[in-house]
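Scroll down for the structure; my scribbles are underneath it.
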Amino acid sequence: MRELFGKDRICAVVAAPTALEMKKRLGEALRRTRTVELRLDYLKSDSEMDRFLGWWRDHPIDARVIATCRRTPEGRFRGDADEQAGVLATAADCGAAWCDLEETPGMPQETMLTQLFLGEARTLLSYHNFRETPRDLASILRRMQRAGADAVKIATQCRSYADSLRVLALATGRGDLIAVPMGDAGLPARVLTLRQGSPLAYAAAGEATAPGQLTVEEMKDLYRADKLDRRTRVYGVIGEPVGHSLSPAMQNAGFQARGVNAVYLPFLVPDLEDFLGAVGPLGIAGFSVTLPHKQRILEHLDDCDPLAALMGAVNTVVVRAGGKLYGYNTDYVGVLRAIERRLPLAGSRTLLYGAGGAARAAAFALAQAGAMVCVCARRRKQAEALAQSVGGVAVDRRQLRREFFDAIVNTTPVGMYPHVRETPLAPEELNCRLVMDLIYRPAQTRLLQLAKRRGLETASGVEIFLAQGTAQWEIWMGERAPHAAMKKALMAKLAKN
């Protein structure tokens with residue numbers, strides 16, 4: 001059944017309010033794929049609809065076209081069923097290979113009636129639920145199959161990874177069912193749906209038309225969704241939030257540079273147990289861990305690297321044979337490497353500003369490397385507890401104007417985008433040789449700018465982020481990471497953002 005939709009299994013969804021904009025986006029989409037869906041219901045008026053259909057009739061589209069004119073409330077077409085059928089019949093006459101009809105009451109009769117006017121175009125029967133993933137998906141599928149369409153599509157809002165797995169399961173072993181998990185929890189499954197057996201995956205050519213819909217560029221270039229197969233190893237980053245993460249760009253660039261059959265995806269995880277239940281079914285081989293799960297993941301590990309256990313935080317997990325989870329921490333790697341390039345660690349006096357998870361990882365690593373660790377934080381007791389755990393000292397904020405350090409490391413989020421004018425420390429508090437900021441967005445924070453004005457050496461969070469990310473890649477792959485390719489992808493993503 002896959003060949004019915006053509007060789008390009010990523011379908012670019014083209015939606016625009018005017019005929020001119022629709023043609024423009026269509027042209028852009030055709031440079032990436034030869035399977036497109038035209039959302040005719042997005043055209044804002046009858047005149048724009050007539051204008052576009054007239055152009056299409058005179059300019060045949062060299063692609064496998066799915067014509068869709070979805071009525072409100074799911075879509076934007078305000079006409080009745082007969083007017084909708086008229087638009088689709090015209091689209092079929094223009095050369096549409098498929099016409100997409102949403103399931104409605106009385107659909108078997110309506111589908112048969114509409115088919116009389118669709119000529120050679122095939123019918124795709126769609127079910128959309130933007131609220132939830134119903135428990136009775138199997139009965140919904142059976143009901144749709146009785147309608148007599150050539151293929152069916154089921155798209156539901158996934159509020160958990162358990163929901164995503166149930167939607168993906170519908171496509172397993174079939175070739176006539178398009179599975180579309182929607183929403184943030186459905187995003188990874190959108191990428192994996194082709195691997196699961198769905199004949200198509202949808203991606204936006206411009207405006208997204210469904211929750212969690214990725215762009216054509218993301219699907220084809222970043223995640224290579226059309227290249228994935230059953231042997232593809234799945235990796236990812238889990239956290240809440242996670243949409244801002246630069247890790248997918250960096251890690252996937254590493255896979256591509258080495259020709260590794262693997263993909264790295266962002267997993268929004270409000271419920272850790274829900275995600276862990278999907279590790280086996282999705283074939284996840286390893287994952288990065290970010291806030292707020294770095295400590296809690298320890299409860300679910302089968303074993304852990306001693307240093308990570310000492311830190312009490314894990315940012316890297318390997319899924320071993322039998323689904324066993326083994327944890328590491330690479331957060332400290334960037335800090336160590338960045339300082340070591342600039343000054344000797346042993347015997348140095350380093351100040352960590354902040355006492356959270358990132359500071360804890362750095363504190364243990366620096367102490368093991370022979371540095372004297374000082375901790376300053378808004379919460380004095382938290383700073384004292386961290387300093388005591390590594391044999392260091394807590395420093396009061398008022399002392400910073402009089403104290404000197406070899407290095408000062410900001411481990412707080414102060415100064416992170418969009419609050420780029422903020423700084424955690426004042427210029428007169430930067431009494432040191434080296435200032436380091438763990439923030440990587442922006443690459444040059446206000447803190448680093450102030451340090452440079454004082455003639456101090458600086459280390460950006462980009463350098464640190466890259467180091468911890470390449471260390472993760474090497475743990476998963478068991479070989480040296482393609483540092484240059486991963487850095488290039490990271491810098492390109494930062495520049496774009």
* Structure fact -> For ASP302, the lone unmet condition from (1) surrounded by 15 or more Cβ atoms within 10 Å (Cβ to Cβ); (2) over 19 Å from the mean Cα position of the chain (by Cα) is (1)
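Going through the range 181-202 one residue at a time, which ones are touching a Pro at 6+ places or on another chain (Cβ under 8 Å), of a type outside the set (D, E, K, R) and over 21 Å from VAL36 (Cβ atoms)? Full working, then the answer.
Residues of the range 181-202 touching a Pro at 6+ places or on another chain (Cβ under 8 Å): 182-184, 186-190, 193.
So of that shortlist, the ones also of a type outside the set (D, E, K, R) come out as 182-183, 186-189, 193.
Those that are touching a Pro at 6+ places or on another chain (Cβ under 8 Å), of a type outside the set (D, E, K, R) and over 21 Å from VAL36 (Cβ atoms): GLY183, GLY186, LEU187, PRO188, ALA189.
Residue-by-condition table, conditions (1) surrounded by fewer than 17 Cβ atoms within 10 Å (Cβ to Cβ); (2) small (Gly, Ala, Ser); (3) assigned by TED's automatic domain parsing to the domain that holds ASN252:
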| residue | (1), (2), (3) |
| --- | --- |
| THR445 | no, no, no |
| LEU450 | no, no, no |
| GLY469 | no, yes, no |
| TRP476 | no, no, no |
| ALA484 | yes, yes, no |
| MET491 | yes, no, no |
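Take the residues of the range 1-34 that are outside any loop (DSSP other than H, G, I, E, B) and at pLDDT below 95: which is surrounded by the fewest Cβ atoms within 10 Å (Cβ to Cβ)? Working first, answer last.
Of the residues in the range 1-34, the ones outside any loop (DSSP other than H, G, I, E, B) are 2-5, 10-14, 19-30.
Now narrow it down to the ones that are at pLDDT below 95: 2-5.
Details: ARG2: 14, GLU3: 8, LEU4: 16, PHE5: 21.
For the range 1-34, the residue satisfying everything is GLU3.
Tell me which residues, restricted to the range 426-441, are β-branched (Val, Ile, Thr) and assigned to a loop (DSSP other than H, G, I, E, B).
ILE439
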* Applying the selection to the range 390-412, what residues are in contact (Cβ under 8 Å) with a residue 24 or more places away in the chain and aliphatic (A, V, I, L, M)? -> VAL390, VAL395, LEU400, ALA407, ILE408, VAL409
* Asked: Which of the residues spanning the range 445-456 are over 22 Å from ALA492 (Cα atoms) and not in a helix (DSSP H, G or I)?
  -> ARG454, GLY455, LEU456
* Asked: Which residue out of ALA67, ALA85 is at pLDDT below 95 and surrounded by 13 or more Cβ atoms within 10 Å (Cβ to Cβ)?
  -> ALA85
* Please enumerate the residues belonging to the range 62-93 that are over 30 Å from the mean Cα position of the chain (by Cα) and within 17 Å of ARG25 (Cβ to Cβ). => ASP62, ALA91
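The rows are residues; the columns are (1) part of a strand (DSSP E or B); (2) without any contact (Cβ under 8 Å) to a residue 40 or more places away in the chain.
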| residue | (1), (2) |
| --- | --- |
| GLY347 | no, yes |
| ARG360 | no, no |
| VAL373 | yes, yes |
| GLN388 | no, yes |
| GLY415 | no, yes |
| PRO424 | no, no |
| ALA443 | no, no |
* Complete set of residues in the range 398-413 that are loosely packed, with under 15 Cβ neighbours inside 10 Å and in a loop (DSSP other than H, G, I, E, B) -> ARG401, ARG402, PHE404
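Each row is one residue, and each column tells you yes or no for (1) buried (at least 22 other Cβ atoms within 10 Å of the Cβ); (2) of a type outside the set (Gly, Ala, Ser).
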| position | (1), (2) |
| --- | --- |
| GLY254 | yes, no |
| ASN261 | no, yes |
| VAL269 | yes, yes |
| LEU272 | no, yes |
| LEU276 | no, yes |
| GLY286 | yes, no |
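Among the residues of the range 35-42, is there at least one that is part of a loop (DSSP other than H, G, I, E, B) and of a type in the set (Lys, Arg)?
Going residue by residue through the range 35-42, those that are part of a loop (DSSP other than H, G, I, E, B) are none.
No.
Name the one entry in PRO199, PRO188, PRO241 that is within 11 Å of the chain's Cα centre (by Cα) and crowded, with 20+ Cβ neighbours inside 10 Å. Talk me through it step by step, then tell me what you get.
Details: PRO199 fails: within 11 Å of the chain's Cα centre (by Cα); PRO241 fails: crowded, with 20+ Cβ neighbours inside 10 Å.
Residue meeting the stated conditions: PRO188.
The values are calculated or read from the model by the stated rules, or taken from the named source; none is laboratory data. Note that the structure is a prediction, hence the values are computed from the model and not measured. With ideal geometry, Cβ positions are generated from the backbone for all residues, glycine too; neighbour counts draw on all protein chains shown.
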